[in-house]
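The values are calculated or read from the model by the stated rules, or taken from the named source; none is laboratory data. Computed from a prediction, not measured in an experiment: that's the story for all the values here. For neighbour counting, all protein chains shown are included, and Cβ atoms are generated from backbone atoms with ideal geometry for every residue, glycine included.
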Amino acid sequence: MGQIIISEQDIINAICIDQARKKYVQPEEVEVELLYDDDNGFSAEAYINGLPHRLQTIHIIEALRLWLDEVLDTDPFAGIKLVLDDEEGIIAEVNQ
């Protein structure tokens, strides 16, 4: 069993795909900004047709599970941990 590191860009891509399916738009129509603060932890803003949609950590994890299943073809129920990395930004560590 190993560990997969999902980059900040791939987390954004995962959210774009997830939100596009939920809102019936193309992934290219979704803009995402990942956020972190000490009080609320990880979150994201997804902009669809100019309207902001606030996503909590659970929504990011949900999008990553879709990414793991459909893009990486791996266990979507593996342990996922969001990490704020000084050099890489917000990344996800997936323990298989």
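A few remarks follow.
- Among the conditions (1) surrounded by 15 or more Cβ atoms within 10 Å (Cβ to Cβ); (2) at pLDDT 95 or above, the only one that ALA78 does not satisfy is (2).
- Any hit, segment 17-30, residues being within 19 Å of GLU93 (Cβ to Cβ), of a type outside the set (A, V, I, L, M) and free of Cβ contacts under 8 Å to residues at least 24 places away in the same chain: no
- Filter result for ILE12 (closer than 20 Å to GLU87 by Cα, among the β-branched types (Val, Ile, Thr) and in contact (Cβ under 8 Å) with a residue 60 or more places away in the chain): no
- For segment 58-69, a residue qualifies if it is free of Cβ contacts under 8 Å to residues at least 24 places away in the same chain and closer than 15 Å to ILE4 by Cα, and the qualifying residues are ILE61, ARG65, ASP69.
- Any strands (runs of 3 or more DSSP E) falling wholly within segment 1-48 and containing at least 1 residues that are modelled with pLDDT of 95 or more and among the small types (Gly, Ala, Ser): 41-48
- Test: ILE80 is in a strand (DSSP E or B), under 13 Å from VAL94 (Cβ atoms) and in contact with a strand residue (DSSP E or B) (Cβ under 6 Å, 6 or more places away or on another chain): yes
- When LEU55 is tested against (1) closer than 13 Å to ILE4 by Cα; (2) modelled with pLDDT of 95 or more, only condition (1) is not met.
- Note on segment 38-96: residues that are within 18 Å of CYS16 (Cα to Cα), out of contact with any helix residue (DSSP H, G or I) (no Cβ under 8 Å at 6 or more places or on another chain) and aliphatic (A, V, I, L, M) amount to 5.
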